[in-house]
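The values are calculated or read from the model by the stated rules, or taken from the named source; none is laboratory data. Quick caveat: nothing in here was measured; it's all calculated off a predicted structure. Glycine gets a Cβ as well: all are built from the backbone with ideal geometry, and neighbour counts include every protein chain shown. Side chains included, ligands, DNA and RNA excluded: accessible areas come from the protein's heavy atoms. Shrake-Rupley method; radii C 1.70, N 1.55, O 1.52, S 1.80 Å.
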Amino acid sequence: MTEQEIRDAVLESLSGVAPELDLSEVEDDTDLRNDLDLDSMDFLNFVIAVSERLGVDVPEADYGRMDTLAKCVEYLRAAQAK
Amino acid sequence: MSAFVMPSLGADMEAGTVVEWLRKVGDTVHHGDVIAVVETHKGAIEVEVFEDGVVEEILVPPGEEVPVGTALAMIGDGSGASAAAAPKAPLPAAAPPMAGEVRRPDVLKVKPKAPVAAEEGRRRVSPYARRRAEALGVDLADVKGTGPGGVVQAVDVEQAAGRARASGREAPAAPPGRRRGFDPEAMRQGIAAAMAKSHREIPHYYLDTTIDMQAAMHWLEAANAERPVAQRLLYATLLIKATALALRKVPELNGFWIDGGARPAERVHIGWAIALRGGGLMAPAIHDADTMSLDALMAAMRDLVARARSGGIRGSEMTDPTITITNLGERGAEAVHGLIYPPQLALVGFGRLAQAPLAIDGAVSVRPVVRASLAGDHRGSDGHSGGLLLAAIDALLQKPEGL
């Protein structure tokens, strides 16, 4: 899967959790929890959605490595390559 | 034969509008069935009937705003014997105690608002149907109304959406950036009314305590490590379960202050404060939270959040909470000292999970901690009870495997 496809999957998953988001405003260094105001239930739902889309199991201990869009894409790309 | 009345869905609700009847005259209904959708400032709420019987007469048509306590329909045994005698004015005796100040029916008689089933060109569409159409991406011009006088109802919209799917025509996604399910401005007014009443009438006392969360967080990490992501627990699940169990030990904080007296409740229905994205707040009930497994509780929390945000909360979930829990989660402030939601007797607040130095066995240790607070109604209980409750919550969280 290309980086762009992973990025799209992340953005679509975010949109599912927070439908009112303007995805064009989500930048690489946007902090998903603080800038997008995702609470822990939102973030869990986001991780569930992105795991399902990409077929990657994300351990809870790794949530901290997914706190921006860029880090999310990087983490998921590495996880898929495993 | 009895009247199904406009329920009070909160301390701040005086009137409501039936936007749609989901059952018609002649239908058999059972305790707990959703029979109508009522528009309130908290959005469209699905209201249930609390008896078995047959809908014999519908007294209030969709679109008419009526005071809390007004008979909306008559439920009988199907014979229709006394339908003609059904009172159309609000039944003072039937007004639930949640209503707060029940005013005289003749004063309360609210004039029907501007037509709620608004003209759409020459079409009339119920507000709930309009929202469903927006949610499902259905063009109302394609929908044939089957309600009274050809009004388009939610069921018509859903059928149209079903046809669109069946014919392979993907319904377009709802426009982004639009809030559905509630009107934020109306909800703000509702919160304002309830909180002003709380601050005006309830003499609050406040307590707070710092709880060492190390045992709970270790237990949770280990439990979640073995679970696929979709079955993981949030730490709020532990807080809610611990509070629900602690309330069994301190029942004087679980229940209502009604008519000048404390009325402790036998069951523990936790009102869980849910922030709605884009503003607004509601605290619907997790019924019998003290008896649920953590997995069942987590499932109930997910379901409640989803429905709070999409507009599918039931009337009983609005009226049943016997206490409210507000949890600031992993971000935000260290402590919260909230206002009790009338007519409840108490509110428990949890601040952000944070790292802090604690004195443990004579040495300072950095631990994950949470500040738990209690707001109690001093008419119904004293600080001693509140302290017992917080201590019980603390003790339960030190043994998370028992939750």
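Which residue out of B:Ala363, B:Ala308, B:Ala391, B:Ala333 is under 22 Å from B:Leu220 (Cα atoms) and not basic (Lys, Arg)? Only one candidate passes the filter, namely B:Ala391. Screening the candidates B:Glu20, B:Glu56 for the property of being modelled with pLDDT under 90 and either more than 18 Å from B:Asp183 (Cβ to Cβ) or not hydroxyl-bearing (Ser, Thr, Tyr) (or both) yields one hit, B:Glu20. Among the conditions (1) modelled with pLDDT of 90 or more; (2) part of a loop (DSSP other than H, G, I, E, B), B:Gly10 misses just one, which is (1).
Within region A:26-54, the residues that satisfy the criterion of being open to solvent by 70 Å² or more (accessible area, probe 1.4 Å) and either away from chain B (no Cβ under 12 Å) or in a helix (DSSP H, G or I) (or both) are A:Glu27, A:Asp28, A:Asp29, A:Glu52, A:Arg53. When A:Ser24, A:Ser51 are screened for being of a type in the set (S, T, N, Q) and at pLDDT 90 or above, only A:Ser51 passes. Kindly check whether there is at least one residue in region B:388-400 that is farther than 19 Å from B:Asp208 by Cα and open to solvent by less than 20 Å² (accessible area, probe 1.4 Å). Within region B:388-400 (the criterion being farther than 19 Å from B:Asp208 by Cα and open to solvent by less than 20 Å² (accessible area, probe 1.4 Å)), the answer is yes, since at least one residue qualifies.
Screening region A:35-81 for residues that are without any contact (Cβ under 8 Å) to a residue 12 or more places away in the chain and over 28 Å from B:Asp303 (Cβ atoms) and picking the one that is farthest from the chain's Cα centre (by Cα) gives A:Ala81. The residues of region B:218-240 that are more than 29 Å from the chain's Cα centre (by Cα) and within 12 Å of another protein chain (Cβ to nearest Cβ), listed by number, are B:Glu221, B:Ala222, B:Ala223, B:Ala225, B:Glu226, B:Arg227, B:Pro228. Of all residues in region A:1-10, those that are open to solvent by less than 60 Å² (accessible area, probe 1.4 Å) and more than 23 Å from B:Glu330 (Cβ to Cβ) total 2.
Taken together, the criteria place A:Asp62 among residues that are over 29 Å from B:Leu136 (Cα atoms) and within 12 Å of chain B (Cβ to nearest Cβ). Among B:Trp219, B:Trp257, which is part of a strand (DSSP E or B) and assigned by TED's automatic domain parsing to the domain that holds B:Ser293? Criteria check complete, one pass: B:Trp257. Looking at region A:12-20, can you tell me whether even one residue there is within 11 Å of chain B (Cβ to nearest Cβ), more than 22 Å from B:Ala236 (Cα to Cα) and crowded, with 19+ Cβ neighbours inside 10 Å? Yes - at least one qualifying residue is present in region A:12-20. Would you check if B:His269 is open to solvent by 10 Å² or more (accessible area, probe 1.4 Å), assigned by TED's automatic domain parsing to the domain that holds B:Ile202 and farther than 19 Å from B:Gly376 by Cα? No. Total residues in region A:1-20 satisfying the condition of being of a type in the set (A, V, I, L, M, F, W, C) and under 14 Å from A:Leu32 (Cα atoms): the figure is 5.
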